[in-house]
Structures are given as C-alpha cells and as structure tokens.
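Working notes for the structure below.
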Amino acid sequence: MTVQTQTQTRDRHYRYYDLIMAAFICILLCTNLIGAAKQTTLSVPGFRTFTVGAGVLFFPISYFFGDVLTEVYGYARDRRVVWAGFTALAFASLMAWVIVSLPPAPNVFMATFQGQLEGVFGNTWRIAAGSMLAYWCGSFSNSYVLARLKVKMRGRWLWMRAILSTAVGEGLDSLLFYGIAFYGIWETQDLIEVAILEYGIKVFWEALATPLTYALVNFLKRAEQEDFYDDHTHFNPFSIEP
C-alpha cells in the first residue's frame, strides 16, 4: 500500500469507488424519502419507551460510507459523492412534488391513492429542504473533520476520528433537519426528544460499527493501493474537482 498525494491520484481509476458512491446515494434517497416522516417507538426494558424517526435505523449508514470514502480516497473525492447525493436528492424531491401536484385521473382507485400519496409526500418540500441543507452541512463537516484529523494524527486512531467526525456531522444534521422539516408539525417536546435521542443513536451506531469500518477501510486500501492524506487539499465545499 502506498500513501498518495493530490497530484498522484487526480487521474487514477478505482475499482470500488463508483460502487460505494452508488450505495451511498441509494441509502441517502431511501432514508430521506421513505423513512424520514414516520415516527416509531422503541422500548427499553425496565426503562421507558422512546419516540424516534424510523429513518434512524438506516441513515447512519450514509455517514459510515462517508467516513470510508474520506479515509481511503480523501476529502476531494468524498466531496464529489456528497454533491452527487445532493443532486439526486434534489431531483427526487422535485419529482415527488410534480407527481403529487398532477391532477389524479377520475376513477375510484385514484380517489383513494391520491390521498395516500399526499399523506406520504405532501410534506416533501419541507423534508426535502431540511434533508438537503442538513445533509450538505453534516456530510461536509463530517468529511472535513475526519480528513483534518487524519493529517494531524498521521493516520492513527481511525476509531476516534470516525466517532468524533460523526459527532460533529450528525449534530449539525439532526439540528437542521428536524428544525426545518418538522417544527410546527410535531409537538415541540416530541421534536426535541426525537432530535436528541436520534443524535445519540447515530453516534452510538458509528461506535458500534467500528469493526466494520476498519474491515472495509483496510480492504479498500489494499485493493485500491490507496491511503490518501489531505495535506494539500483545498477544502472548498463548492468545488467538484477530484
């Protein structure tokens, strides 16, 4: 395995980079459009029952892949994935709005189905706005913190860097998403409780996934012959240059 620099990796082709990008975007779309609006309950034996958003079961996987991308390929290549995910989420949200807004056909099936569509996607503009802003800020913060800590720590203590970067990114994500998407719709107490609880679950999930993070990172570093350090990276989030 060799340590690469920005110039050395600019024109390289990677075998698994596109697959991880596709997995990241798939998880992002599913968790934001399917699981974001639903509240569910989790019961802790001997303690109490908590209300959480159903998407919390899967959304942390996107941060897992974000950590892997930054650790192996560097901030700049993860930045391209973040923008790809942002574009996909924006298009999916636009598509949902257009479909819900189109007049339904005058038949019995659509008389029922239109209401179901509106129930699921009727709040899409707020969920989409919250999702996109929270995702953008959270993902870039996560990648930036991980990349800078990797340089500072010279590649050591991946477990610590992954948890700390997730704590920062998920903190921004939870604050922005729930504030924008559900303030005034959910009860304020429920909103605060869900946001705080989900933040804790997401960070705990990252800690729990540490062995898997190490396994995938080590596999990719060997397979791709890549271990990127962002010593000279320009961290401008609006660039898409590799």
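Here are Gly46, Gly55: which of them is without any contact (Cβ under 8 Å) to a residue 60 or more places away in the chain, over 23 Å from Leu146 (Cα atoms) and touching a helix residue (DSSP H, G or I) at 6+ places or on another chain (Cβ under 9 Å)?
The conditions single out Gly55.
Against the definition (of a type in the set (A, V, I, L, M, F, W, C), surrounded by fewer than 18 Cβ atoms within 10 Å (Cβ to Cβ), part of a helix (DSSP H, G or I) and modelled with pLDDT under 90), how does Leu212 come out, yes or no?
no
Can you tell me which of (1) closer than 15 Å to Ser131 by Cβ; (2) at pLDDT 85 or above is the one Val56 doesn't meet?
(2)
What are the residues in segment 87-119 that are surrounded by fewer than 15 Cβ atoms within 10 Å (Cβ to Cβ), β-branched (Val, Ile, Thr) and over 23 Å from Trp136 (Cα atoms), if any?
Selection gives Val98, Ile99, Val108, Thr112.
If we scan segment 189-208, do we find a residue that is not in a helix (DSSP H, G or I) and not charged (D, E, K, R)?
no
Would you be able to tell me the number of residues in segment 104-148 that are touching a helix residue (DSSP H, G or I) at 6+ places or on another chain (Cβ under 6 Å) and among the β-branched types (Val, Ile, Thr)?
The number of residues fulfilling the criteria is 3.
Hey, can you tell me all the residues within segment 191-209 that are exposed (fewer than 15 other Cβ atoms within 10 Å of the Cβ) and not small (Gly, Ala, Ser)?
Ile192, Ile196, Phe204, Leu208
Look through segment 34-81, keep the residues that are of a type in the set (S, T, N, Q) and in a strand (DSSP E or B), and return whichever of them is surrounded by the most Cβ atoms within 10 Å (Cβ to Cβ).
Result: Thr51.
The values are calculated or read from the model by the stated rules, or taken from the named source; none is laboratory data. Please read all numbers here as calculations on a predicted model, not as lab measurements. Here the Cβ is made from the backbone with ideal geometry for all residues, glycine too, and neighbour counts use every protein chain on show.
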